[in-house]
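Throughout, read-outs are computed from the coordinates displayed, never taken from laboratory work. Quick caveat, the model's predicted, so the values are computed rather than measured. Using ideal geometry, Cβ is built from the backbone for each residue, glycine included, and neighbour counts are taken over all protein chains shown.
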Amino acid sequence: MAKKGGLLSFDAFSKTVEDARVKTTSGGLITVTCILTLFSLIINEWRQFNEITIDPELVVDRDRNLKLDINLDVTFPDLPCDIMSLDIMDVSGDLQLDVTNYGFTKIRLTETGEEIGEEEMKIGDDHGHADADIPADYCGPCYGAKNQDKNENKPQEEKVCCNDCDSVRKAYASVGWAFFDGKNVEQCEREGYVKKINDRLGEGCRVKGTAKLNRINGNIHFAPGASYSAPNRHVHDLSLYGKNKDFNFRHVINHFSFGPDVNSKYTAETLELSSHPLDGTNAIQGSRDHLYSYFLKVVPTRYEYLNGTKVETNQFSSTYHDRPLTGGRDEDHPNTFHARGGIPGLFFHFEMSPLKIINKETYGTSWSGFLLNVISAIGGILTVGAVVDRTVFVADKVIRRKKDK
């Protein structure tokens, strides 16, 4: 007999002669089952290999120079556009807004919710100036809200004038006087402001648009009347709101988000609710003297796609609270007492997180992982099939022997 040597001694796949092999019907059935199972596993591995997933990473936010985009669309069924103001403030008390990039639109609504028309809305001042023909030397009265007497000791100073309705309204707001609808104010009567306000008292309003802010804590709020800043406080003229008992700040939030929407299929299907938790919110409870507040925790988020595109946006969580301005005991929670005071309105208080989430699109499995899983599946199926086939074969032989006895 020839001596074995070389690579023959390393052969781990020893062969048997064809005559020593026994084929059975059960073995054929087990083989077909193994093949079908193997194909099913390989197809699942292929699907997982081509599946795109999001790999999140939490880091410290260093992009403080970026702006915070606020996108909102809110409907007020019981409040006319002309008596509502929109203010955006940060923790420093300043109006942090890039006026070249903001754009809010107010849409007038009928009592049934049908749209009448839309107008541009200015932040903190939603009334425009009328094109009224006035003499070049005209100096309108401020009705005592401002000192219009020229200072003889400072002849270089220009005389203070209120030439339009908006100037008178601001002058009243600066000293905290009630302006109401501007009736008997010469400038307002001339510009048609009084008639416009009274003709629209039964309307509703829808406000939508986008603003760019510095990424620091602050709030955006809707409140009635003109606003002005006083030492350590922010004040609104509530005179016209208080005069009409039908006004109310009940609202529907059609859309509210920070930053652009993501266009990933994964995020669109699984993160839609968490990205826009306020969409569809309907707050209809409460009286006219009611304060609605949403406290938002904003987390800067970046999405990095497989094609190299990067989208800077934000996610946020929301906590809701409302209370009557009269204060007192809560009807639903007897142990809770509401604070007294404040102004009726809708407030969104937002707080920026110091951390940032980076969501990277990745494939579920790499090529090496896919091949390894396929090879493992093949080896495992063949091993299990061999064990089952051997067990069935031995059991069949034992049963046959017992029958032959």
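What the table below lists for this structure:
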| item | result |
| --- | --- |
| Residues Ser227, Ser174, sorted so that the one with the fewest Cβ neighbours within 10 Å comes first | Ser174, Ser227 |
| FRET efficiency for Ala386 and Asp55, using Cβ-Cβ distance with R0 set to 35 Å, rounded to 0.05 | 0.35 |
| Cα shape, segment 317-405, gyration tensor, a/c 1.5 rule | oblate |
| Calculated from backbone phi, Karplus (6.51, -1.76, 1.60) coupling profile of segment 313-327 in Hz, x at Gly/Pro | 8, 8, 10, 8, 10, 9, 10, 9, 8, 9, 8, x, 5, 6, x |
| In nm, spacing of pseudo-spin labels at Glu115 and Asp396 (7 Å Cα→C-beta vector) | 7.6 nm |
| Residue-by-residue Karplus 3J(HN,Hα) for segment 159-171, coefficients 6.51, -1.76, 1.60, Hz, glycine and proline x | 6, 6, 10, 10, 8, 9, 5, 5, 5, 5, 4, 5, 5 |
| Burial ranking of peptide ranges 103-111, 236-244, 379-387 (average Cβ count within 10 Å, highest at the top) | 236-244, 103-111, 379-387 |
| Long-range amide H partners of Phe350 with built H, under 5 Å | Gly218, Asn219, Ile220, Leu296 |
